[in-house]
1. Restricting to the stretch A:1-18, give me the number of residues that are touching a helix residue (DSSP H, G or I) at 6+ places or on another chain (Cβ under 8 Å) and acidic (Asp, Glu).
2. Quick one: would you say A:Pro115 is within 22 Å of B:Gly89 (Cα to Cα) and modelled with pLDDT of 95 or more?
3. Test B:Arg39 against the stated conditions and say whether it is within 13 Å of chain A (Cβ to nearest Cβ), of a type in the set (Lys, Arg) and either surrounded by 18 or more Cβ atoms within 10 Å (Cβ to Cβ) or touching a Lys or Arg at 6+ places or on another chain (Cβ under 9 Å) (or both).
4. Being small (Gly, Ala, Ser) and either within 11 Å of chain B (Cβ to nearest Cβ) or closer than 17 Å to A:Leu90 by Cβ (or both) is the filter here, so list the residues in the stretch A:1-36 that pass it.
5. Here are some residues: A:Phe56, A:Phe23. Which one is among the aromatic types (Phe, Trp, Tyr) and under 23 Å from B:Phe107 (Cα atoms)?
6. Hey, among the residues in the stretch A:92-125 that are under 27 Å from B:Thr2 (Cα atoms) and of a type in the set (Asp, Glu), which one's farthest from the other protein chains (Cβ to nearest Cβ)?
7. Among the residues of the stretch B:48-91, what is the count of those that are of a type in the set (S, T, N, Q), surrounded by 14 or more Cβ atoms within 10 Å (Cβ to Cβ), in contact with a strand residue (DSSP E or B) (Cβ under 8 Å, 6 or more places away or on another chain) and within 11 Å of another protein chain (Cβ to nearest Cβ)?
8. Name every residue in the stretch B:99-114 that is over 20 Å from the mean Cα position of the chain (by Cα) and surrounded by fewer than 14 Cβ atoms within 10 Å (Cβ to Cβ), in order of residue number.
2 protein chains.
Amino acid sequence: MTTARQVVAEYWAAAEARDWARFGELVAEDVVYEGPQTRERVQGRAAYVRFNVEAFPGDWHLSVQRIIGEDRQAASWIEFTGADGTQPGLCFFELDPDDRILRITDFWPDPYELPASRSHLVERY
Amino acid sequence: MTTARQVVAEYWAAAEARDWARFGELVAEDVVYEGPQTRERVQGRAAYVRFNVEAFPGDWHLSVQRIIGEDRQAASWIEFTGADGTQPGLCFFELDPDDRILRITDFWPDPYELPASRSHLVERY
């Protein structure tokens, strides 16, 4: 198992456990989180821990589907279940030389209607 | 560079070049593609090549942002530019023992409004 994969596995385990002290240790002091879909950004460990504690109120759980790590990079696919149901969450990570998470880019795809233009080329499940 | 990363790099290069013969060689005879957002599935090499040739009409280009490979798995983040503008595309791959792509899970996140409930916790960019 790569270090990057291990760090991301611990990151998601800490989030699921609401172990915010451990969660904070896994990210760099100068961590940068970006969500390209909303163009939101959070900079710095304290702000990023607060974001995770406060931005997603109510009960929620996450289930790791896939973590792939190579060198100082990783990607994860989780399923996040909250008040609005279950949704995939896809993250790309970069680690710093101390193996702390330095950059996180986060994507949350929603369901959409299959375009009629390709409906004859696919099955549905 | 891992084999998985190299195979996915060749996959995207073949798609961008419309080199469908090479594209087909990179996927397994029994490849399975799934798009969870629409619950669409394509099974088998011939159907999957046809899907890629026909399902996305008009000119389009893709730009690889990130490929991460570990063992027989990989993830990629591309930016896809077509008639509707530029959109991120996120894929998870599994390779078979012959290093051909056996499973592809594909996500296309759209922009959405930042929820007011977390607007005080983030910057915008």
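The values are calculated or read from the model by the stated rules, or taken from the named source; none is laboratory data. Because the structure is predicted, anything quoted here is derived from the model rather than measured. Cβ sites come from the backbone with ideal geometry, for glycine too, and all protein chains shown count toward neighbours.
1. Adding up the residues that qualify gives 1.
2. Spelling it out, it is not the case that A:Pro115 is within 22 Å of B:Gly89 (Cα to Cα) and modelled with pLDDT of 95 or more.
3. It is true that B:Arg39 is within 13 Å of chain A (Cβ to nearest Cβ), of a type in the set (Lys, Arg) and either surrounded by 18 or more Cβ atoms within 10 Å (Cβ to Cβ) or touching a Lys or Arg at 6+ places or on another chain (Cβ under 9 Å) (or both).
4. Across the stretch A:1-36, the qualifying residues are A:Ala4, A:Ala9, A:Ala15, A:Gly35.
5. The conditions single out A:Phe56.
6. That would be A:Asp98.
7. 4
8. Within the stretch B:99-114, the subset over 20 Å from the mean Cα position of the chain (by Cα) is B:112-114.
Answer for the stretch B:99-114, where residues must be over 20 Å from the mean Cα position of the chain (by Cα) and surrounded by fewer than 14 Cβ atoms within 10 Å (Cβ to Cβ): B:Tyr112, B:Glu113.
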